[in-house]
Amino acid sequence: MDQVAKKAVVIREVWEGNLEFEFSLIRSAVKSHSCISIDTEFPGTVIPDIKNRKFYDLNPEETYSLMKANVDASKLIQLGLTLSDEHGNLPDFGSGACCVWQFNFREFDVDKDLQEFSSIELLKRNGIDFSANKMHGVRSEDFARLFRGCFGPNCTWVTFHGGYDFGYLTKALTNSDLPRDLGTFRDLLSHYFGISMYDVKAMMEPFRFRGGLESLAACFNLVRVAGKSHQAGSDSLLTMQVFMKVKEWCISRRYATALRPCMPYGLNLEVITHAGRAIDELIGLLQSPGSPVELFKLSAPNLGCLI
């Protein structure tokens, strides 16, 4: 994404008063920038797993059940959208700066609604103004109406560990709780977002990578160029940067398997692994000269880093 490095990036804050105008810009931009990364901010884990299991110990159905319980019980705070063309260029509308969008929603009431205290404090420290959201934020039903008429079937959707991102977005689009079972949820995702979905963390799963977004960005020497972490617009931009770099890296090494569209991380009913490939072959691939994944500090049998 050389353009991001060369040009300033403006995060366009979207409120009730400019919602229609900002969607008009997005409708214009998506014609040539149809790769879309999303990120959401929400009130944390308000319903923990009753068995206190770690995420990696849950199967896809259990992961979905826990996600559904939390999404149903809580409310979306922010949604970030980054639009890109296939080469990583962002829309600039002929100006000197690229654009990323950050939607601020009004439904969450920090004084009344279910929340995880540590998550709310983290969001406050990173600049989210809950009183402004409550007074001037976007109404979910208005957002859903405009969103549904904006994106076509040829769009590509990108997340990082995006189950909750798609969960909250689907809840907004349907104005209802998530479906009871994972299969129906997958059908809803296909209905609203088509079949071209990528979760960058799922793409890295064959390499047993278990770190976060910023950890993977650091492996590729990528830096945050706008906004702060734990703000949805900035995180959606970093997700797009990492996706483009991972895609470039896989293509350059003819590693096509990792580029297959996939369900959000943790919700894959069919997990792609490379058990059939020799461990030393994979290590050689990842440690090839010039590979940024040398920074993973790989060691067999664990191919991951930053766990």
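The values are calculated or read from the model by the stated rules, or taken from the named source; none is laboratory data. Computed from a predicted model, the values in this text were never measured in an experiment. Counting neighbours? That spans all protein chains shown, and the Cβs are built from the backbone with ideal geometry, glycine included.
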Exercise for the section: Quickly run through the stretch 1-60 and pick out the residues that are in a strand (DSSP E or B) and basic (Lys, Arg). Expected result: 12
Practice task
Answer yes or no: is there a residue in the stretch 215-233 that is in contact (Cβ under 8 Å) with a residue 12 or more places away in the chain, under 25 Å from residue 59 (Cα atoms), crowded, with 20+ Cβ neighbours inside 10 Å and out of contact with any Gly (no Cβ under 9 Å at 6 or more places or on another chain).
Solution key: yes
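Check whether at least one residue in the stretch 209-219 is under 16 Å from residue 267 (Cα atoms) and assigned to a helix (DSSP H, G or I), and report yes or no. I'd like the intermediate steps shown before the answer.
Within the stretch 209-219, the subset under 16 Å from residue 267 (Cα atoms) is 210.
Imposing the further condition that a residue be assigned to a helix (DSSP H, G or I) reduces the set to none.
Within the stretch 209-219, not a single residue is under 16 Å from residue 267 (Cα atoms) and assigned to a helix (DSSP H, G or I).
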Completion exercise
Within the stretch 53-91, residues modelled with pLDDT under 95, under 30 Å from residue 21 (Cβ atoms) and among the acidic types (Asp, Glu) come out as 86
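Is it the case that residue 124 is closer than 14 Å to residue 44 by Cα, of a type in the set (D, E, K, R) and in contact with a Phe, Trp or Tyr (Cβ under 7 Å, 6 or more places away or on another chain)?
Working: closer than 14 Å to residue 44 by Cα: yes; of a type in the set (D, E, K, R): yes; in contact with a Phe, Trp or Tyr (Cβ under 7 Å, 6 or more places away or on another chain): no.
So residue 124 fails the test.
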Exercise for the section: Assess whether residue 229 counts as being among the small types (Gly, Ala, Ser) and modelled with pLDDT of 90 or more. Expected result: no
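Residue-wise test of (1) farther than 15 Å from residue 103 by Cα; (2) surrounded by fewer than 18 Cβ atoms within 10 Å (Cβ to Cβ); (3) without any contact (Cβ under 8 Å) to a residue 12 or more places away in the chain; (4) out of contact with any strand residue (DSSP E or B) (no Cβ under 8 Å at 6 or more places or on another chain).
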{"position": "7", "(1), (2), (3), (4)": "yes, yes, no, no"}
{"position": "27", "(1), (2), (3), (4)": "yes, yes, no, yes"}
{"position": "34", "(1), (2), (3), (4)": "yes, no, no, no"}
{"position": "45", "(1), (2), (3), (4)": "yes, yes, no, yes"}
{"position": "58", "(1), (2), (3), (4)": "yes, yes, no, yes"}
{"position": "74", "(1), (2), (3), (4)": "yes, no, no, yes"}
{"position": "80", "(1), (2), (3), (4)": "no, no, no, no"}
